[in-house]
1. Using a 7 Å offset from Cα along Cα-Cβ at Ser221, what residues in the range 245-267 end up with backbone N under 12 Å from the label point?
2. Using a Gaussian network model of the chain whose springs link C-alpha atoms within less than 10 Å, name the residue from Asn15, Asn210, Asn238 with the highest mean-square fluctuation.
3. If the label point is 7 Å along Cα→Cβ of Asn7, which residues in the range 238-268 have backbone nitrogen under 16 Å from it?
4. With a 10 Å radius around each residue's Cβ, average the other Cβ atoms per peptide and rank 38-48, 269-279, 158-168, 61-71, highest first.
5. Hey, with R₀ at 41 Å, roughly what FRET efficiency would Ser113 and Glu260 work out to, going by the Cβ-Cβ distance, to 0.05?
6. Show me the trypsin sites (Lys or Arg not before Pro) within the range 199-238 that DSSP assigns to loop and that have at most 14 other Cβ atoms within 10 Å of their Cβ.
7. Would you mind getting me the FRET efficiency between Glu171 and Val75? Use the beta-carbon distance for r and R0 = 25 Å, nearest 0.05.
8. For the chain, with only Lys/Arg (+1) and Asp/Glu (-1) charged at the beta-carbon, what is the dipole magnitude about the Cα centre, in debye rounded to 20?
Amino acid sequence: MIQEIKNLTLQGKHNKPILTDVCYRKTATKKPLVVFCHGYKGYKDWGVFNQMVPSFVEENIFLVKFNFSHNGGTVEQPIDFPDLEAFGENNLVKELDDLETVLDWLLDNNEFSEEINPEQITLIGHSRGGGIVTLKAAEDKRVKKLISWAGVSDFGARFPTGPVLEHWKKEGVAYVENARTKQQMPHYFQFYTNFIENEERLTLYKAAANIKIPHLIIHGSKDTSVEFKEAENLHKWNPNSELFVIENADHGFGSKHPWEEDFLPSDFEILLKKTIKFAKTDV
């Protein structure tokens, strides 16, 4: 029997709920656990992230996806960004804490103890989420496999410098327009100061070099949001990783939001097939 429990509310460390989906086939046999993290200006229901669920469940994988607590969504409206104040207060440490909360909850939950193999935990992250799961995999020994989809390689390089940085500091907030919703999305200066205060922990080349578990890097050759060279960097820093290139694929691997088709984009199908095979292979 397939179980898809949507919008469970977990209480995180930062006074905002973590909205979580749990998807599995109830068999009372322990399965590989895959935890998926969305990216910047993303959410668990973006694009084809709901349509991909059967591909995992049919392969007897226990799939969990969630919204970071400060991604800008709410319990009542998990899609898009009704809570821009929360979005502005987000930072990388909060996202790492949210991921830890999800892992702790899954492994401490008696309801799932017969369904999850705690020795087969794979983290997947898209875009900025790829950076978050790389950091977590480097510091959490419970994680046994790591997969990034169009993942970033350097958080620090994505911050402005010079006069733009000084203006952000002076004003305390900078805005980025959401191309689809046209919202002016705030970034409070704490996002930058939080990175500087935790730079040792948040430096991705150190994390990637410290990865000792199987590590799969999937990237599209025509990604214009996170350039392909970032995948090459991650692979260079961890030579034992596998770099899987999807030729001509973009940042969403053919997906967009909203996705109104009843099929997956061909590039995303390639991504899923490779991902699931990697997650199921014995370490």
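1. What the label zone holds, given the 12 Å backbone N cut-off, is 245-250.
2. It is Asn15.
3. none
4. 61-71, 38-48, 269-279, 158-168
5. So, using R0 = 41 Å, E works out to roughly 0.60.
6. The qualifying sites are Lys212, Lys222.
7. Taking R0 as 25 Å, the efficiency between Glu171 and Val75 is 0.20.
8. For the chain, the charge dipole is close to 520 debye.
Computed from the coordinates by the stated procedures, all read-outs in this text should not be read as laboratory data. Since the model is a prediction, treat every value here as computed from it, not as a measurement. For neighbour counting, all protein chains shown are included, and Cβ atoms are generated from backbone atoms with ideal geometry for every residue, glycine included.
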